[in-house]
Amino acid sequence: MIGVIADDLTGAAELGAVGLRHGLRAEIIRRGEPSGQADLVCVDTDSRSCSAEEAGQRAATAAQQLHAAGARWIYKKVDSVLRGQVTAEVEAVMRQLKLERALLLPANPALGRTIRDGHYFVRGKLIHKTEFARDPEYPRRYSQVLRLLKVPQQFAIRVVNGERSMPGQTIVVGETNTSQDVCDWAALSGAGILPAGGSEFFSALLKREKLLVMGNPETSRLPTTGRELFICGTATKAARKFVTDARRRKQPVLTLPMELTWGAEFTPAAVAAVTQRAVNAFAENARVILAVGLPAVRNVEVAKRLSHSLVQVAENVMARISVARVFAEGGATAAELVRRMGWSRLAVERELAPGVATLSVQGDQSILLTIKPGTYAWPEKWT
């Protein structure tokens, strides 16, 4: 069994889908112990928004849990653009597993996210000149990688290019301008080194093990009809385009009241009204879209409340009518939905596209949950 520690649900699902691509049965654990039936166990510590101390403690506990469950090796998944408590969690896992070196490759060149000359680029642009600069919780205001990361407490940290080396007591951030760079770094990872980073590095490590690459398994047993509920909890460019295109196709799109951006309460009457509109929309449509539909906000607490309000409506809708497939956009939105529904263990059923995974709840395919990060686009087959 291989173990993964992720700081949010979308990251856990993304790597679970990578494992599925390589022929591994993958499950995501939010609470409780691994089932013992999976080849890949991804623990979601839900620590992206925690303090450094709390995030480190959760990561260390997950490492201890996976080690006790018999993981052959453990991968620390981090956000590809280094949001969250990256160094605190990496350090905590290193201490828990008694490792002196970590190799951190967060970038995904295949998706246009690269590190070159110590700077982070997104599709050729310096990251602080992209929409990541407007992230409400972790705005990327610099492109220098070492400025995007907090200074470790116990270990040194350095960005390495050219002659690849792995000094002791160090977190090495490997520059990755191409997918071949990722593969070259993966060849250096081994015993005594904690591998950490994004999905492309994890996939390269699985390829190095020469695991059977079988692609997605037969999915004819999964529901292909029934009601579809989309929950778009972000205001990214990809989300806005999806909503605009849906309206152009005359698909029902329901949004939150404008006054919520000013800090107004989402009253029970307002929740009930939006819920009823969604239920009524399903009477004549197989697909309904719930979206924030408000201007982007930079206040972290307001942004969280908007996401929670949207999920509150979704939960109420699902309590009143049967929904076969749920699509959640944004890590915070997906995590809030899973919390509200009380889903503690999820099985990875299908990879629709890089970063877009379909999950079932404890092996029950009556409801399928498909999630993706806010900055990724939905696959065309669903749009």
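The values are calculated or read from the model by the stated rules, or taken from the named source; none is laboratory data. Predicted model only: the values in this text are computed from it and were never measured. Positions of Cβ are backbone-derived with ideal geometry, glycine not excepted, and every protein chain shown enters the neighbour counts.
In segment 275-287, is there at least one residue being more than 24 Å from the chain's Cα centre (by Cα), of a type in the set (Phe, Trp, Tyr) and more than 30 Å from LYS381 (Cβ to Cβ)? No, the conditions are met nowhere in segment 275-287. Would you mind stating whether THR261 is in contact with a helix residue (DSSP H, G or I) (Cβ under 9 Å, 6 or more places away or on another chain), surrounded by 16 or more Cβ atoms within 10 Å (Cβ to Cβ), among the β-branched types (Val, Ile, Thr) and part of a helix (DSSP H, G or I)? Considered against the rule, which asks whether it is in contact with a helix residue (DSSP H, G or I) (Cβ under 9 Å, 6 or more places away or on another chain), surrounded by 16 or more Cβ atoms within 10 Å (Cβ to Cβ), among the β-branched types (Val, Ile, Thr) and part of a helix (DSSP H, G or I), THR261 comes out as yes.
When we screen GLU175, GLU131, GLU200 for residues that are at negative phi and at pLDDT below 95, the only hit is GLU131.
Would you call ALA319 part of a helix (DSSP H, G or I), modelled with pLDDT under 95 and exposed (fewer than 15 other Cβ atoms within 10 Å of the Cβ)? Yes: the conditions hold for ALA319. If you take the residues of segment 189-202 that are farther than 21 Å from GLY84 by Cβ and touching a strand residue (DSSP E or B) at 6+ places or on another chain (Cβ under 7 Å), which of them is surrounded by the fewest Cβ atoms within 10 Å (Cβ to Cβ)? Residue satisfying both the conditions and the ranking: GLY192.
Do you know which residues across segment 170-188 are in contact with a strand residue (DSSP E or B) (Cβ under 6 Å, 6 or more places away or on another chain) and not in a helix (DSSP H, G or I)? THR170, ILE171, VAL172, VAL173, GLY174, GLU175, THR176, ASN177 - these are the residues of segment 170-188 that are in contact with a strand residue (DSSP E or B) (Cβ under 6 Å, 6 or more places away or on another chain) and not in a helix (DSSP H, G or I).
Scanning segment 342-383 for residues that are in a loop (DSSP other than H, G, I, E, B), out of contact with any strand residue (DSSP E or B) (no Cβ under 7 Å at 6 or more places or on another chain) and either over 17 Å from GLU329 (Cβ atoms) or charged (D, E, K, R) (or both) gives GLY342, SER344. Exactly one residue out of VAL288, VAL279 is in a helix (DSSP H, G or I), touching a helix residue (DSSP H, G or I) at 6+ places or on another chain (Cβ under 6 Å), of a type in the set (Val, Ile, Thr) and modelled with pLDDT of 95 or more, and it is VAL279.
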